[in-house]
Amino acid sequence: MENSFNTAHRKALKKLFDQKMAESLPDFCYCRELDKESFLVKGGLVYLSQEGGWHKSILIKTPANGGEALFEPYIAWAKTFDEIKRVSKYGDTIGRNRRQIGDAGCIPIEQLWDSKWIKRRDRYFGTFSFSTRDWGFIDLMEGRKITYSIKEATADVLPAFDSAWAYIDKYVRFFFGNIDKLMGLDADSLDVEMEALMVRQAQKIVI
């Protein structure tokens, strides 16, 4: 079984995200209640910020053991804690009006830079894949236990984690930092609107 997800991979991802959140996004902390309520995400990979009049969350969806070796970051936002619990329970929602960015929603982070996902519906949309050890069928038939150390699992997930974090640092940070300006925009062109706003803000800094 090549490239299959293991419990150790989830633990390694949690360690990496915990460390990076504390360093770079310290207002985002693990939220036990969101973790408990969500069907989308399990295993401690749920981070919540309540600064700036919004409830904002970064959620990392992982497969069951033996699933494909990948993970899928989501973001959620709402004005109240009850509302963010509701929208982050299953994911893939931008509120009652699915054509516009409303005051509550939960989406894969890739929608921030590739908003045509709704039409394409690629099953790998929003995922970050990684390579793992190749366990042969003989190993499985003979009942050998598939085990990973955290060190081995971290080595597996680190390239995908670094790639995901680069997107989080650029797009998720910007989205949450400018969330009031993005309300009401067409969800299908969110990527274009965000890039345009990034350019305008960069021009102001240069001037």
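Nothing in this text is a laboratory measurement; each read-out follows from the coordinates by a stated rule. Because the structure is a prediction, the values reported are computed rather than measured. Cβ coordinates were reconstructed from backbone atoms using ideal geometry, including for glycine residues, and neighbour counts include every protein chain displayed.
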What does the charge count near F5 come to, summing +1 for each Lys or Arg and -1 for each Asp or Glu among other residues with Cβ under 10 Å from its Cβ? -1
Give me, ordered by chain and number, the residues 5 or more places off N6 or on other chains with an amide H under 5 Å from its own placed amide H. G66
Could you pull out every one of the lysines with an alpha carbon less than 24 Å from that of K11, ignoring same-chain neighbours closer than 8 positions? K20, K36, K42, K56, K61, K85, K89, K145, K151
Expressed in nanometres to one decimal, the distance between label points 7 Å along Cα→Cβ at N3 and D18 is 2.9 nm
Restricted to Cα positions, what overall size does region 1-102 have along the principal axes? Three whole-Å values, descending. 44, 31, 21
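Counting other Cβ atoms within 10 Å, which chymotrypsin sites (Phe, Trp or Tyr not before Pro) in region 1-95 have at most 12 and lie in a DSSP loop? Provide the component values of the computation, followed by the final result.
On the way: sites: F5, F17, F28, Y30, F39, Y47, W54, F71, Y74, W77, F81, Y90; in loops: F5, F28, F39, W54, Y90.
Hits after loop and neighbour filter: F39, Y90.
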Go through region 51-59 residue by residue and turn each phi into a ³J(HN,Hα) via Karplus (6.51, -1.76, 1.60, θ = phi - 60°); whole Hz please, and just put x for glycine and proline. 8, x, x, 10, 9, 10, 9, 10, 10
Full-extension gain in nm, E51 to A202, via 0.36 nm per residue minus C-alpha separation: 52.0 nm
For Y74, residues with placed amide H under 5 Å, excluding near neighbours: L59, I60, K61, I109
Just need the Rg to Rh number for region 144-191, please, alpha carbons only, Kirkwood Rh. 1.29
Give a residue-ordered list of calculated ³J(HN,Hα) values for region 36-45 (Karplus: 6.51 cos²θ - 1.76 cosθ + 1.60, θ = phi - 60°; whole Hz; x for Gly, Pro). 5, 7, 7, 8, 6, 10, 9, x, x, 9
Pairwise label distance in nanometres, S131 with W113, each label 7 Å out on the Cα-Cβ vector: 2.2 nm
Residues whose placed amide H lies under 5 Å from that of Y30, excluding near-sequence neighbours: L48
